[in-house]
Amino acid sequence: MKLLTAFDIPDSPARVHAPEREQMRVGLVQHRWHPDRNEHQRALAEGVNIAAGEGARLVCLQELTLYPYFAITEDGPGATGVEPEPLPGGPTHEFAAKLAAETQAYVHASLYEVDEDASEALGFNTAIVVTPDGTLAARTRKLHIPATAGYYEDRYFRPGDTGYPVVALDDTRFGFPTCWDQWFHEVARAYALDGAEAIVYPTAIGSEPDHPAFDTEPLWEGVIRANGIANGTFMIVPNRIGTEGPVTFYGSSFISDPYGRVLVQAPRQEPAVLVADLDLDQRRDWLDLFPMLRTRRPETYGPLLEGS
């Protein structure tokens, strides 16, 4: 598996004061889905172990970590045979907990969570983080649900109800939304206002079945980096690779800084492990020079709450 690292941190152009924070080393794993469950878990575990071996304190995995991307069909869970899992205690939680205990790193994963209160078959698309002692440190349900060819998630998931929780891991504050959330600047802003320094987006995105010649990768990458700039946040984005039904996922997983610079990026179609050091005081430097959060005018934003 290809290992790509970014340990030489680029200068902080807006820096006035010497850094005060410890750096945070993070990693992510980019991989395809393997039909054989054991092979799939071994492949992901290898990536997590590589990242943790490089000193990553948090290792992030792709959207629907242990699943195929089943939302390629609009037929819904009854037709595909996929079933949501309980949390805590389901297979994804157990998988992440085992890796966290073995590596002594925080492990982030994504799953199809059962909605115990629902009368329908829909569940949640949920991101979690498990600590080395097995604690479920984060549980964030995807808010925005796509409904388009090849990505019929509205047939499987209900909109999340956990809001925008910010979670402290070591000395760093993280947000853990999911995939389609990355297109909405309100999401990054909500996390930033609550002090998130890094936002993780487990992702499953690739070709557009109805527009096969349209490569959306540059737009996808650009909007995430732009949201990082507008909010002074690091962005950690593990995507998947491979072809599943009508969709070819375009990988290109990356980690960017508050200036929008890509620190490290994976290829489009190869398994890869990315590990990068985050200079956390870059957020302070950039937002002191460009104080977007302090100069907001929320009293004028009423039209944003009106229906379309």
*asked:* Give me, ordered by chain and number, the residues 5 or more places off Ile199 or on other chains with an amide H under 5 Å from its own placed amide H.
replied: Gly175, Phe234, Met235, Ile236
*Inter-site label distance for Glu22 and Ala213 at 7 Å from Cα along Cβ, in nm*: 5.4
*Qualifying trypsin sites (Lys or Arg not before Pro) in region 210-308, DSSP loop, other Cβ atoms within 10 Å at most 15*: Arg261, Arg294, Arg296
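Tell me which chymotrypsin sites (Phe, Trp or Tyr not before Pro) from region 120-185 have a DSSP coil assignment and no more than 15 other beta carbons within 10 Å of their own.
Sites meeting the loop and neighbour criteria: Phe184.
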_P(r) tail fraction, region 94-162 - alpha-carbon pairs more than 19 Å apart, %_ = 42
*Under Stokes-Einstein, with the Kirkwood radius over Cα pairs standing in for Rh, what whole-number D in µm²/s applies to region 246-308 at 25 °C and 0.890 mPa s?*
160
*Based on the Cα atoms of region 1-160, what semi-axes does the equivalent ellipsoid have, where each is the square root of 5 times one gyration tensor eigenvalue, given in whole Å with the largest first?*
31, 18, 16
_Taking loop as defined by DSSP and a crowding limit of 13 other beta carbons within 10 Å, which GluC sites (Glu not before Pro) in region 94-136 fit?_
Glu116, Glu120
_Please compute, over every Cα-Cα pair in region 168-308, the percentage with a separation greater than 25 angstrom._
32
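Determine the gain in length on full extension of the stretch Leu304-Asp161; use 0.36 nm per residue of separation and subtract their C-alpha separation, reporting nm with one decimal.
49.5 nm
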*Quote the Stokes-Einstein diffusion coefficient, in whole µm² s⁻¹, for the chain, based on the Kirkwood radius over alpha carbon pairs, a temperature of 20 °C and a viscosity of 1.002 mPa s.*
110
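What is the sum of charges, Lys and Arg at +1 and Asp and Glu at -1, for the other residues whose Cβ falls under 14 Å from the Cβ of Glu85?
-2
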*If you wrap region 142-225's Cα atoms in a convex hull and average its projection over all directions, what's the area in nm²?*
5.9
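Rule-based calculations on the coordinates, nothing more; no lab input. Nothing here was measured: the structure is a model prediction, and the numbers come from that model. When we count neighbours, we look across all protein chains shown, and the Cβ atoms used for this are built from the backbone with ideal geometry, even at glycine.
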